[in-house]
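The values are calculated or read from the model by the stated rules, or taken from the named source; none is laboratory data. Just so we're clear, the structure is a prediction, and the values are computed from it rather than from any experiment. A quick note on method: Cβ atoms are made from the backbone with ideal geometry, for glycine too, and the neighbour counts reach across all protein chains shown.
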Amino acid sequence: MANNADRLIIDCHGHYTTAPAELGSYREKQKKELQANPLFEHTKGVVKITDDQIRESLESAQLKLQRERGTHVTLFSPRASWMGHHIGNQSTSKYWTEHCNELIYRITQLYPHNFIGVAQLPQSPGFDTRASAVELERCVTEYGFVGCNLNPDPSGGHWTAPRLDDPYWYPIYEKMAELHVPAMIHVSASCHPCFDTTGSHYLGADTTAFQHLMSAQTLFKDFPDLKFIIPHGGGAVPYHWGRFRGLADMQSLPPLEEQLLNHVFFDTCVYHQEGIDLLVDVIPVENILFASEMIGAVRGIDPRTGNYFDDTKRYVDVCQLNEEAKRKVFSLNARRVFTRLDARLEEVNLL
């Protein structure tokens, strides 16, 4: 593989959706403690999961699909819908997040050629973001993680947090800048009855985050190297690129290409050919990162094609991009955006 490094296929968006039941049992215990006392101060405790259980959870799932679909490395984070930042208090999120991230680290040690870690953050509504900065530093410096997931709405659909350009978020951004890691924008489960988690809440949040970043007046002056990946193909953004260009013009903002595209990137978690074709036609190829979120929100087989909806490599393989552009999407862009990635790939002899 080292001689074909530019042909690596790097999936920048994977979640541990097949974790052993013991992890869910730990979470249910936290919830029961909170039912008895909403202010309950948790202790970390132990989640007993063996290496064999981890192997079993992956061998017939993510690893099997990597082999079948011809991808090589997945940037792997805890299950997004289970982040559940709206549940409990800071102690709830702290210990839940630590256990989730530590499981990801164990996976990266068991399968160093297949998985590289991306951190969950212990965000809690109504509290500052310093705890998230601490956990990010732990995961990057101790576990070799290369990025994080940032939830712009820790309230679970009620949108009580400030906009993403607000100084509220600056402790996280300062740590991202210090460590040279990007953040993928990713909400968690919705507890708001009007928003379904993986449909309206996910895609709406992606679009909302883009608007926040587009309208930011000083954020990228304060953090000139800050980078965000907006998943799920950018929500509605590529489809409405003209609307956002027009809004930027009406707000006397610089053109989007000048204002944003050094900082904002989109993944390919779009589950039909027409969607990928539109994405690569509208968004500059340098701003598109391959991803599948496989065994995630959409797990079934498309009756029109006979293939899994989330087998996104198939869509990129046959889209209009030339081979050089496809190498950017499949590998080179991820290595540029996740600036710690090459060092990790070298450690495991993939570069």
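Residue check: is His85 surrounded by 18 or more Cβ atoms within 10 Å (Cβ to Cβ) and either among the hydroxyl-bearing types (Ser, Thr, Tyr) or part of a loop (DSSP other than H, G, I, E, B) (or both)? Write out each step before concluding.
Numbers: surrounded by 18 or more Cβ atoms within 10 Å (Cβ to Cβ): yes; either among the hydroxyl-bearing types (Ser, Thr, Tyr) or part of a loop (DSSP other than H, G, I, E, B) (or both): yes.
Judged against the criteria, His85 is a match.
Considering only residues in the range 194-230 that are among the charged types (D, E, K, R) and over 13 Å from His263 (Cα atoms), the one that is modelled with the highest pLDDT turns out to be Asp206.
Put simply, of Ser124, Ser132, Ser93 the only residue that is out of contact with any strand residue (DSSP E or B) (no Cβ under 7 Å at 6 or more places or on another chain), small (Gly, Ala, Ser) and surrounded by fewer than 24 Cβ atoms within 10 Å (Cβ to Cβ) is Ser124. Annotation: Ile107 fulfils all but one of (1) touching a helix residue (DSSP H, G or I) at 6+ places or on another chain (Cβ under 8 Å); (2) touching a residue at least 60 places away in the same chain (Cβ under 8 Å); (3) surrounded by 19 or more Cβ atoms within 10 Å (Cβ to Cβ); (4) part of a loop (DSSP other than H, G, I, E, B); the unmet one is (4). In summary, Thr268 fulfils each of the numbered conditions (1) surrounded by 23 or more Cβ atoms within 10 Å (Cβ to Cβ); (2) under 15 Å from His212 (Cα atoms); (3) of a type in the set (S, T, N, Q) with the single exception of condition (2).
Considering only residues that are within 19 Å of Gln66 (Cβ to Cβ) and in a loop (DSSP other than H, G, I, E, B), look in the range 110-137 and name the one that is nearest to the chain's Cα centre (by Cα). Looking at the filtered set, the residue picked out is Val118.
Of all residues in the range 155-188, exactly one satisfies the criterion of being outside any strand (DSSP E or B), in contact with a Gly (Cβ under 7 Å, 6 or more places away or on another chain) and hydrophobic (A, V, I, L, M, F, W, C), namely Val181. Checked against the criterion of being exposed (fewer than 15 other Cβ atoms within 10 Å of the Cβ), within 30 Å of Gly144 (Cβ to Cβ) and more than 19 Å from the chain's Cα centre (by Cα), the candidates Asn322, Asn349, Asn307 yield just one match: Asn349. Each residue in the range 325-346 was checked for being among the polar types (S, T, N, Q) and either part of a loop (DSSP other than H, G, I, E, B) or surrounded by fewer than 20 Cβ atoms within 10 Å (Cβ to Cβ) (or both), and 1 of them qualify.
Rundown of residues vs (1) in contact (Cβ under 8 Å) with a residue 24 or more places away in the chain; (2) assigned to a loop (DSSP other than H, G, I, E, B); (3) touching a strand residue (DSSP E or B) at 6+ places or on another chain (Cβ under 7 Å), yes/no style:
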residue	(1), (2), (3)
His13	yes, no, yes
Ala19	yes, yes, no
Ser25	no, no, no
Lys29	no, no, no
Leu39	yes, yes, no
Val46	no, yes, no
Ile54	yes, no, no
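Screening Thr207 against (1) in contact with a helix residue (DSSP H, G or I) (Cβ under 8 Å, 6 or more places away or on another chain); (2) surrounded by fewer than 17 Cβ atoms within 10 Å (Cβ to Cβ); (3) of a type in the set (Ser, Thr, Tyr) leaves a single unmet condition, (2).
Yes/no matrix, rows are residues, columns are (1) without any contact (Cβ under 8 Å) to a residue 60 or more places away in the chain; (2) under 17 Å from Ala183 (Cβ atoms); (3) surrounded by fewer than 21 Cβ atoms within 10 Å (Cβ to Cβ):
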position	(1), (2), (3)
Gln211	yes, yes, yes
Ser215	yes, no, yes
Phe223	yes, yes, yes
Gly233	yes, no, no
Ala236	yes, no, yes
Arg243	yes, no, yes
Ala248	yes, no, yes
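Yes/no per residue for (1) in contact (Cβ under 8 Å) with a residue 24 or more places away in the chain; (2) of a type in the set (Gly, Ala, Ser); (3) in contact with a helix residue (DSSP H, G or I) (Cβ under 8 Å, 6 or more places away or on another chain); (4) over 20 Å from Ile185 (Cα atoms):
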{"position": "His263", "(1), (2), (3), (4)": "yes, no, yes, no"}
{"position": "Cys269", "(1), (2), (3), (4)": "yes, no, yes, no"}
{"position": "Val282", "(1), (2), (3), (4)": "yes, no, yes, yes"}
{"position": "Glu286", "(1), (2), (3), (4)": "yes, no, yes, no"}
{"position": "Met294", "(1), (2), (3), (4)": "yes, no, yes, no"}
{"position": "Arg299", "(1), (2), (3), (4)": "no, no, no, yes"}
